[in-house]
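These notes are about the structure you will find just below.
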Amino acid sequence: MDELEAIKVTFFQECEELLADLEGGLLAMQDGNDDGDTVNAVFRAVHSIKGGAGAFGLEPLVRFAHVFETLLDARRSNEIPGTPDLTALLLRASDVLADHVSAARGLGVVDMDASAAMAAELKAATDPNAAPVAAAAPAVVEAEPAFEPAPVVIGAANELLGDDALDDDDLGFDFQPMTITLDAQAADAAVIENVWTVSIRPKSDLYRKANETGLLLRELARLGPVQATLDDSALPALDLLDPEAAYVTWSVRVETDQGEDAIREVFEFVDGDCELEIVRGEAPVSDLLATLKDAAAPAPAPAPVFEAIVPSLEVAPEPAPAPAAVEASVIAAPAAAAPVVEATAAPAPAPVAAAPAPPPAAPSGAKPAQIDVPGPGQSVIRVDPERIDRLIDLVGELVINQAMLAQRVGEYGIAPSSNLAMGLDELEQLTREIQDSVMAIRAQPVKSVFQRMPRLVREVANMTGKQARLVMDGENTEVDKTVIERLSDPITHMLRNAIDHGLESPEERKAAGKNPEGVVRLAALHRSGRIVIEVSDDGKGINRERVHSIAVKKGLISPDLVLTDEEIDNLIFLPGFSTADKISDVSGRGVGMDVVKRSVQALGGRISIASRPGQGSTFTLSLPLTLAVLDGMVVDVAGETLVIPLACIVESLRPKSEEIRPLGPSGHVLAVRDSFVPLIDVGVTLNYRDRSPAATEGVVLLVEGEDGSRAALVADAIHGQRQVVIKSLEQNYQQVEGVAAATILGDGRVALILDVDAVINLRRREPPRPADPTLIAAE
Amino acid sequence: MTEAIAASSSETRELISFRVGEQEYCVDIMAVREIRGWSPATTLPQSPSYMRGVINLRGAVLPIMDLAVRLGMPMVEPTVRSVFIVVQADSRTVGLLVDAVSDILSVSDEMCQPTPDIACDAVRSFVRGIISIEGRMISEISLDRLLPEREALAA
């Protein structure tokens, strides 16, 4: 069962990718890119999900995917025209499909009524007489369930590469020869309308999954009169026979007016577990085929079936001792002029097969351009993230060690031009490069977060009755995995906010002379070693008057406080601030932007807002590229070296004695441009010393806590800014109040990274504490 | 010495003995990862007095516990001869600061005596038994009790 579970996990991973492809394709269609490639890519995504789900018996998912697929198939063969309405329907259907996948995974439930309604809608959109005419239909592309590397009968070579990129699992299956059958239009002339020749060669997997060819034949018989012939020529002598292998081929002549799709549907659940050829009519023998090595006696069926055996198969890795001939693929000659290209199995997952001339109706399998789809010859490796984390740890140690070495050598006063010093320089450079490369391994494009957003925008827009279009930019901007995982919530919140509060209703927009459809832009970019996420809307902007009056009403600021526009805009980040008139599902629970700000700051990030009345607002979020390293200010406090995260520091200054005012019995505040912030001696707060020295002798770092409260931390000296590798204290000890983590400095000693919020709060807990005038807003 | 002891019983355990002040203690050798010379530790704020701080052990942050203080004895500044024994207990790795490592002992269970009932709480909690060898008295440390509960120490 474990193995099956593992395959299932792979399946769901691939579902994620397929759903992303699906959504990407549909969005491309929405943008007017409605060509065959895109539709095919969309169709394949749904089809692959269905195929995989079928193998696991995920019934509701299969049923829904099937209806969805049927509509896409109709669209693909141009039976129904592509319209914006259809695309919108498909997008909504993709949301339901995603729900089904999540439900199958055990995450959440599907609203079955909504699903049924959607299925009905899809059915209605599909032409009821949708059985495609084979002559006009493009060569059928059978996308493999990606966890089963098996022969792919395909229309074009690039399709082969596209689908095969998914086949990087390690189930121990060998690679099968790839057979490429190219249909030729010339064949159609000789075709008898409703006679089909179906060649079925089950693989041992078919039986292993408890499928049964007898049942398939019975299903086939329901379509019309059948005449089945068994070809057992590949059956080895009894002493060579592997009891679990599959050796036989059926050739079935079916008379049906239901078309190829109906036949194919019979084999839906053995997709990939048997080699299937469906050919219209009883075509004459191809000259070309006759020259191929002919291993089987001609089948006595009316339609002749030829077996071409690929001799080079024997070099393919073969875990099971089955004779190579057994694995040979079966090709039914479709037509006299049909060229047959044999691609031999290569050990690499991307065999290159050259198609001499693409058939006229064959779909090209090109997927929408994506950076993460490997090109020909490339392959993707799935690696356990723990291994990468271990590597990153080791490289972190290497960096520290290199710094220590450099420092030690420096202590001996070796000339910079000496060989030793130059060697060390090179080592340093190499170490840096290794660190960057290792970090790059864990870096992922923000796409994985972004791709969830179009759906969110649709749902929120529906809920709020607004029209919104999401424009995304920079999806391929890369950032460390640890950051990606925590980007989703802030972005979700900001987008909701942009639609709910930013955009006007369509009527308001029309009245203001704007397009009724609002545009929300989500962009990611790299800027000075950080990742910047921008969420902007073209809505009404922040209503400063209202924000100010609400802040006063809620007691967040004093009424007579004069604030700049920027300061007013930033009021929305205060805890408990919410401008929504009514509390909705979307936003307005008063936990809006302050939560965003806090979670961003917890990541060492910053958030800011720029708003222009009538033109919209832009939220800018800047985050470190990784959570494994941190930019910090190295300071001395009471003989100890501490690192203060740079993200918290607003400014550093040397206070003059007149700026320090006593407040209460022992407290002091620092006057910074007419506002007073509490002065906190880090040494005293952390119990390094009992009494603080005069603040004028030290350096003051003005810091901002996560809740926006400010404090002036007193340190003895500043050593400068440094990037440090974050080390956990909890791993061998436990959390220490006031300390966020530890790091190792160039001299090899451990330095503690200050938890600024905890330090501010530790101070607050001390009983004789004067009220702080600047903190009215935060409390 | 060790040979004679090993012959006396089949159920022998190996222990590392060390000095803390004038007294001898030991821990099971299976828990010991390595023994290192003392190097100054980075003080941890808000921590009990027996936590000397943390040091860098090949890139990992290793807390150092002053065993003398933990056992209720006065704190003595470490000298160049002081060492710390890196021990593994539960999932944590901790360094125990001791004055010197003296011996590796092979002892059988019958050589262990229960801890005599004395007033000191620390001794009652942290000494799991006493071993008598050649007139020496060596107390075996119980590592799992030595390390504070993660929550209990948070205060």
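The values are calculated or read from the model by the stated rules, or taken from the named source; none is laboratory data. Note that this is a predicted model, so its numbers are computed, not measured. Glycine also receives a Cβ, built like all others from the backbone with ideal geometry; neighbour counts cover every protein chain displayed. Side chains included, ligands, DNA and RNA excluded: accessible areas come from the protein's heavy atoms. Shrake-Rupley method; radii C 1.70, N 1.55, O 1.52, S 1.80 Å.
Tell me the residue from A:Leu424, A:Leu398, A:Leu430, A:Leu420 that is more than 30 Å from A:Arg486 (Cβ to Cβ), open to solvent by 60 Å² or more (accessible area, probe 1.4 Å) and under 43 Å from the mean Cα position of the chain (by Cα), please.
Going through A:Leu424, A:Leu398, A:Leu430, A:Leu420 in turn, just one is more than 30 Å from A:Arg486 (Cβ to Cβ), open to solvent by 60 Å² or more (accessible area, probe 1.4 Å) and under 43 Å from the mean Cα position of the chain (by Cα): A:Leu430.
So, in region B:87-105, how many residues would count as being of a type in the set (Val, Ile, Thr) and at the interface with another protein chain (Cβ under 10 Å from one of its Cβ atoms)?
Of the residues in that region, 2 qualify.
Exactly one condition in (1) in a loop (DSSP other than H, G, I, E, B); (2) open to solvent by less than 30 Å² (accessible area, probe 1.4 Å) is not met by B:Val80; state its number.
Unmet condition: (2).
Considering A:Ala715, A:Ala671, which residue is farther than 30 Å from A:Met593 by Cβ and aliphatic (A, V, I, L, M)?
Answer to the selection: A:Ala715.
Given the conditions (1) in a helix (DSSP H, G or I); (2) surrounded by 18 or more Cβ atoms within 10 Å (Cβ to Cβ); (3) modelled with pLDDT under 85; (4) within 14 Å of chain B (Cβ to nearest Cβ), and given that A:Ile760 satisfies all but one, which numbered condition is not satisfied?
(4)
Please go through region A:1-21 and give me each residue that is more than 13 Å from the chain's Cα centre (by Cα) and open to solvent by less than 70 Å² (accessible area, probe 1.4 Å), ordered by number.
A:Ala6, A:Ile7, A:Lys8, A:Thr10, A:Phe11, listed by residue number.
One line per residue, one yes/no per condition, for (1) surrounded by 18 or more Cβ atoms within 10 Å (Cβ to Cβ); (2) within 24 Å of A:Asp569 (Cα to Cα); (3) at pLDDT below 85; (4) under 29 Å from the mean Cα position of the chain (by Cα):
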{"residue": "A:Ile583", "(1), (2), (3), (4)": "no, yes, yes, no"}
{"residue": "A:Val591", "(1), (2), (3), (4)": "no, yes, yes, yes"}
{"residue": "A:Phe619", "(1), (2), (3), (4)": "yes, yes, no, yes"}
{"residue": "A:Asp636", "(1), (2), (3), (4)": "no, no, no, no"}
{"residue": "A:Pro665", "(1), (2), (3), (4)": "no, no, yes, no"}
{"residue": "A:Val682", "(1), (2), (3), (4)": "yes, no, no, no"}
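What is the one condition in (1) within 20 Å of A:Ala74 (Cα to Cα); (2) touching a residue at least 40 places away in the same chain (Cβ under 8 Å) that A:Asp35 does not satisfy?
For A:Asp35, the failing item is (2).
If I ask for residues that are within 14 Å of chain A (Cβ to nearest Cβ), closer than 19 Å to B:Val101 by Cβ and at pLDDT below 85, which ones from region B:58-83 would you list?
The answer is none; no residue qualifies.
If the requirement is being more than 23 Å from A:Asn462 (Cβ to Cβ), in contact with a helix residue (DSSP H, G or I) (Cβ under 8 Å, 6 or more places away or on another chain), open to solvent by 20 Å² or more (accessible area, probe 1.4 Å) and at pLDDT 75 or above, which of these qualifies: A:Lys597, A:Lys553, A:Lys540?
It is A:Lys597.
A:Asn33 is checked against (1) touching a Lys or Arg at 6+ places or on another chain (Cβ under 7 Å); (2) open to solvent by 10 Å² or more (accessible area, probe 1.4 Å) and fails just one. What number does that condition carry?
Of the numbered conditions (1) touching a Lys or Arg at 6+ places or on another chain (Cβ under 7 Å); (2) open to solvent by 10 Å² or more (accessible area, probe 1.4 Å), the odd one out for A:Asn33 is (1).
So is A:Asn33 at pLDDT 80 or above and out of contact with any strand residue (DSSP E or B) (no Cβ under 6 Å at 6 or more places or on another chain) or not?
So A:Asn33 does not fit the description; no.
Yes or no, residue by residue, for (1) part of a helix (DSSP H, G or I); (2) of a type in the set (A, V, I, L, M):
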| residue | (1), (2) |
| --- | --- |
| A:Glu428 | yes, no |
| A:Glu433 | yes, no |
| A:Met439 | yes, yes |
| A:Gln444 | no, no |
| A:Arg455 | yes, no |
| A:Arg458 | yes, no |
| A:Lys466 | no, no |
| A:Arg469 | no, no |
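Go through region A:478-503 residue by residue and tally those that are part of a loop (DSSP other than H, G, I, E, B), crowded, with 20+ Cβ neighbours inside 10 Å and out of contact with any Asp or Glu (no Cβ under 7 Å at 6 or more places or on another chain).
Number satisfying all stated conditions: 1.
What's the number of the condition A:Gly614 fails, among (1) surrounded by fewer than 21 Cβ atoms within 10 Å (Cβ to Cβ); (2) within 14 Å of chain B (Cβ to nearest Cβ)?
So the condition that A:Gly614 fails would be (2).
Answer yes or no: is there a residue in region A:502-518 that is in the same structural domain as A:Ser536 (by TED's automatic domain parsing), out of contact with any strand residue (DSSP E or B) (no Cβ under 9 Å at 6 or more places or on another chain) and hydrophobic (A, V, I, L, M, F, W, C).
Yes.
Scan the strands (runs of 3 or more DSSP E) fully inside region A:625-696 and keep the ones with 2 or more residues being of a type in the set (A, V, I, L, M) and away from every other protein chain (no Cβ under 14 Å).
A:629-637, A:649-653, A:660-663, A:667-672, A:675-681
Please specify each residue of region A:43-54 satisfying the condition of being out of contact with any Leu (no Cβ under 7 Å at 6 or more places or on another chain) and crowded, with 24+ Cβ neighbours inside 10 Å.
Within region A:43-54, A:Arg44, A:His47, A:Lys50, A:Gly51, A:Gly52 qualify.
Output yes when any residue across region B:25-42 is surrounded by 14 or more Cβ atoms within 10 Å (Cβ to Cβ), facing chain A (nearest Cβ under 10 Å) and touching a Ser or Thr at 6+ places or on another chain (Cβ under 8 Å), and no when none is.
Yes, the conditions are met somewhere in region B:25-42.
Take region A:397-410 and flag every residue that is at the interface with another protein chain (Cβ under 9 Å from one of its Cβ atoms) and either β-branched (Val, Ile, Thr) or touching a helix residue (DSSP H, G or I) at 6+ places or on another chain (Cβ under 8 Å) (or both).
Within region A:397-410, A:Leu398, A:Ile400 qualify.
Quick one: A:Ile388 ticks every box in (1) more than 14 Å from chain B (Cβ to nearest Cβ); (2) under 19 Å from A:Lys481 (Cβ atoms); (3) open to solvent by 60 Å² or more (accessible area, probe 1.4 Å) bar one, so which box is it?
The number of the failed condition is (3).
Within region B:56-77, take every residue that is of a type in the set (Val, Ile, Thr) and farther than 20 Å from B:Asp90 by Cβ and give me the one that is least open to solvent (accessible area, probe 1.4 Å).
For region B:56-77, the residue satisfying everything is B:Val69.
Give the residues of region A:705-740 that are open to solvent by 50 Å² or more (accessible area, probe 1.4 Å), outside any strand (DSSP E or B) and more than 14 Å from chain B (Cβ to nearest Cβ), sorted by residue number.
A:Glu706, A:Asp716
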